[in-house]
Amino acid sequence: MELLAVGFLIGFLKSFVPMGPTGLLFVERALERRYREAIAVGIGGVIAETAYCLAAVLGARLVLRRYPGAFEALRETGLAVIGLAGLFLALWPGLGRTTGEPKPRSRVRHLLVGLTTGVLNPAMLLTWSGVVGLLASQGFIVRGPTGLLFPAAVGAGTLVSNLLLIVLLRRLNRRLGERSPVPLLRGIGVALIVLAAWRWFH
């Protein structure tokens, strides 16, 4: 039971500061007042996050230990994805032009967008492999039935965190009033490009 509580807390805290491409798409949709799209993107991201966590529980961290080159490849791929997400926010001319709530079919499409951007960020596998390894070193049992429930607890924590972020971003939108969120989103994009470049060379 303690492991499940830890998983929920880790998922909640990790997603509360959305630094990955899926989290940034989530924030972008919410700041544009497209809340249902944001939730759909978030759910897709939760599925990808849970899948990578499950892979770590099932032994991916042991594979990474055996093949050190895979670690570096995943790291560089993750940084490239973050940089591309930054370029999207900084340069895409259509940013902020679409408002309103999407049609049901559009929500399914945005769920797939969240899932795809999550899956295309394999650096998450490094994150969760590290988390699982740390928990194992602290005496937590991350194998067997309880271990397999750990990714589900992570997913639940991530989902709750996303819903809370929606509430907070709604309040931020009320404060912004009619002002466009585009300058804020552009600034986030530039910050991501700088972050990816800095981590690439360090």
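The values are calculated or read from the model by the stated rules, or taken from the named source; none is laboratory data. Predicted model, so just to flag it, every value in this text is computed and none were measured. Ideal geometry is used to build each Cβ from the backbone, glycine not excepted, and the neighbour counts take in all protein chains shown.
Structure notes:
- Checking Leu95 against (1) at pLDDT below 70; (2) within 16 Å of the chain's Cα centre (by Cα), the condition it does not meet: (2)
- Residue match in the range 57-70 (condition: in a helix (DSSP H, G or I), within 17 Å of the chain's Cα centre (by Cα) and modelled with pLDDT of 80 or more): no
- Restricting attention to the range 1-32, the residues that are assigned to a helix (DSSP H, G or I) and acidic (Asp, Glu) total 2.
- Cβ-Cβ under 8 Å pairs, at least 6 apart or on other chains, the range 26-42 side over 14 Å from Val108 (Cβ atoms), far side crowded, with 23+ Cβ neighbours inside 10 Å and basic (Lys, Arg): Tyr35/Arg29; Ala38/Arg29
- All positions within the range 115-174 that are among the small types (Gly, Ala, Ser), part of a helix (DSSP H, G or I) and modelled with pLDDT under 85: Gly118, Ala123, Ser129, Gly130, Gly133, Ala136, Ser137, Gly144, Gly147
- Among the residues of the range 1-38, none is identified as closer than 18 Å to Gly118 by Cβ, of a type in the set (Ser, Thr, Tyr) and either surrounded by fewer than 24 Cβ atoms within 10 Å (Cβ to Cβ) or at pLDDT below 80 (or both).
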